Structure formats: C-alpha cells, structure tokens
Amino acid sequence: MSSRIDKHFSVEQYPFLNTSKAALIYNSETYLSIYNTHNLFRFSLVKDNQEVIFIHFYISGAEAYNARYSGIASFDGPEINSENIAILITYLQDWGSKNGVQRFMIKNAPDFYYPDELNLENVLIQNGIELSLSELNQHIKVTHADYFALLKKNEKKRLRKCHNKGFTFRQLEVSFLSSAYDIIKQNRALKGYPMTMSYEDLLKMYKNFPDQYLLFGVFDDKTLIAVAVSIKVSDQVLYNFYHGDDFKYRTYSPIVMVLQGVYNYCQKLQIRFLDLGISSVSGVLNEGLYAFKRNCGAEDGKRNIFTLSL
C-alpha cells in the first residue's frame, strides 16, 4: 500500500520543466499555453520521478484559481484516488500558508470524468474543503443501446420527422464553422443568451486541437440546419460545448438528430459519456433546458465549485 512517505510534493511555475500527461484537455500544456500563463503553477505528488496526481492554479494575490480559462479542470494524473488527493491537499495547505495564499478555488468536473469508484465531492469535504456552489450537470451514458431507445415519446416523434423528411447528419470540416457559429449565435440570441466565445477564439481552438474540437451538423439537402460544437475532453468524455438549430426548422427539432449522430460517433470510438453541460446558472435551474435534455436521454449530475480556506 502506498503512503505519503514514498511520495514528495512538487511545485513548478510556468514554463514547466517536467511534461505531465494530462487526461483532460484543459490540463494539457498545449491548452494552458494558449492563455495568459502569468502566475500559473502546477502542484503535484511525485513517486519514483513520475507525477501521480497534479492540479494547476493561477495565483492572484491571496487567491488561487484552478480553472480560470475553462469551466473545469481539477485533479489529473494516472493515480487519482482519495489517498493521493488528501495528501496533495495537505501539501497545498502548507504551501499556501507559507506563500500568502488564503483561498484555493477548485472547479471540479462531474464525477463521471473520474475513476468509477471515486466520489470526489465526498473526498474533498472530508478533507475540510467547503462546497461553494453546485450546478446541475446532465450527461448521456453511451452504451450498446440504440439512441432512439433513450428518448421520450415526443423526441422520438421529432426524430422520426427528421428522418422522414430526409435530413442527413455528418461530421463537418472546420470550413463549416462560420456557418455553424451563426446558427448557434442566432439560436442563443432568441433565448436571451450571449455567446461566451468569439468566432475568432473558437476557430483558434479548432486549429490548435483538430482532433479534440469537433463539429457536427444536420442538413436539409444542402442547407445546414442544426449543429453541435463538441470537445473531446478525454478518451472517456465528449463535451457538447455549443449546439443550436435554425429557428425555421424548430417544429422538427433537428438538434435531436444531431444528438443521435454524436451519440453514434461516441459508440464507434468507445467514448463512455456525452456531457451535455450545466442546466443551471448560479444554482438556479433552467427548467426548459433541463427537461429537454432529460427527454433526450440525459441523466443528472453535478458540477461543483469548492473553496479551500486557510
């Protein structure tokens, strides 16, 4: 059995000397280097000269944030378990006290991002970290089951209408991103939601991560009518970052056909989870969005923010 004795604590400020293999794209150095790396630190446990678990923080005065430029990040590494997390937290407390950091803010990924036996929320709370905010997250488990079987009655009806109308689904080249972005932007504007990312910034991500940033669409003949911007966050998770459809086709709800196609894509690549993202803001549930995702086969989860106060 491993213990604290056979591991040591390591702190590095960017640029990092050691290369860490990250399971999540948000923790990869390629991703981190795209943004401002001022006061970016990596805290890790090392065993036999190999990092077994690590987490990144941006230090700003007396506060440290682990996911300033992404919705989630949290712990990463080949040995994410309750023991290693507890040891790393103890070292973080010691380091923070000596370096004037009074608060560490940790944005966690939902539990399905982590090993099956790990309940990260319980582990953090047991180690004195406070749950500051819990958002409701929804995801679809990808199994051998046909996606149609996961749908509620009305969504099955809409999906049949799409197929009967002859709509087609396919993965898109990045050349379609401008048209896809316009559809998403108009769709969100009708619902009163701003875009959280500019087209130029999104295009940059597609160019930097051509194998992780994916684009899917549904067509009526040659007309693009529904799209999904998806991120392969890890080998196990595909995240539905944006989706939208042309309002003129709303009676067909072609986004359901997009989800069917993306689900099938996950099946082929043996991706276990399709993350549909949060359905609440600051803890307030968007009931319409929540119901739609449930009707499309989604299950409930949490995306939590924790605070370690010293």
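The values are calculated or read from the model by the stated rules, or taken from the named source; none is laboratory data. The structure presented is a predicted model; accordingly, all values stated were derived computationally and were not measured. Note that we place each Cβ from the backbone using ideal geometry, even for glycine, and neighbour counts take in every protein chain shown.
Find the residue count for the range 185-233, including only residues that are among the β-branched types (Val, Ile, Thr) and out of contact with any helix residue (DSSP H, G or I) (no Cβ under 8 Å at 6 or more places or on another chain). Write out each step before concluding.
Step one: filter the range 185-233 for residues among the β-branched types (Val, Ile, Thr), giving 196, 218, 223, 225, 227, 229, 231, 233.
Remaining after also requiring out of contact with any helix residue (DSSP H, G or I) (no Cβ under 8 Å at 6 or more places or on another chain): 196, 223.
Qualifying residue count for the region: 2.
For the range 169-197, what are the residues that are assigned to a helix (DSSP H, G or I) and among the aromatic types (Phe, Trp, Tyr)? Give the steps one after another, and end with the answer.
Restricting attention to the range 169-197, the residues satisfying the condition of being assigned to a helix (DSSP H, G or I) are 174-190.
Scanning the range 169-197 gives 176, 181.
Of all residues in the range 279-300, which are surrounded by fewer than 20 Cβ atoms within 10 Å (Cβ to Cβ) and either touching a residue at least 40 places away in the same chain (Cβ under 8 Å) or of a type in the set (Lys, Arg) (or both)?
The answer is 280, 281, 282, 283, 285, 290, 294, 295, 299, 300.
Among the residues of the range 113-142, write down those that are over 21 Å from residue 77 (Cα atoms), at pLDDT 95 or above and assigned to a loop (DSSP other than H, G, I, E, B).
142
Can you go through 179, 132 and tell me which one is polar (S, T, N, Q) and under 27 Å from residue 213 (Cα atoms)? Can you show your working first?
Working: 132 fails: under 27 Å from residue 213 (Cα atoms).
Matching residue, one of 179, 132: 179.
When only residues in the range 43-82 that are out of contact with any helix residue (DSSP H, G or I) (no Cβ under 9 Å at 6 or more places or on another chain) and not in a loop (DSSP other than H, G, I, E, B) count, which is farthest from residue 108 (Cα to Cα)?
Once the filter is applied, the top-ranked residue is 50.
Going by the structure shown, is residue 166 among the small types (Gly, Ala, Ser), in the same structural domain as residue 231 (by TED's automatic domain parsing) and either under 21 Å from the mean Cα position of the chain (by Cα) or outside any helix (DSSP H, G or I) (or both)?
On the way: among the small types (Gly, Ala, Ser): yes; in the same structural domain as residue 231 (by TED's automatic domain parsing): yes; either under 21 Å from the mean Cα position of the chain (by Cα) or outside any helix (DSSP H, G or I) (or both): yes.
In short, yes.
So which residues in the range 175-184 are loosely packed, with under 15 Cβ neighbours inside 10 Å and either in contact with a helix residue (DSSP H, G or I) (Cβ under 8 Å, 6 or more places away or on another chain) or of a type outside the set (Gly, Ala, Ser) (or both)?
178
Can you work out which of the residues in the range 198-235 that are in contact with a strand residue (DSSP E or B) (Cβ under 6 Å, 6 or more places away or on another chain) and assigned to a loop (DSSP other than H, G, I, E, B) is farthest from residue 27 (Cα to Cα)?
Applying the filter and picking the extreme gives 212.
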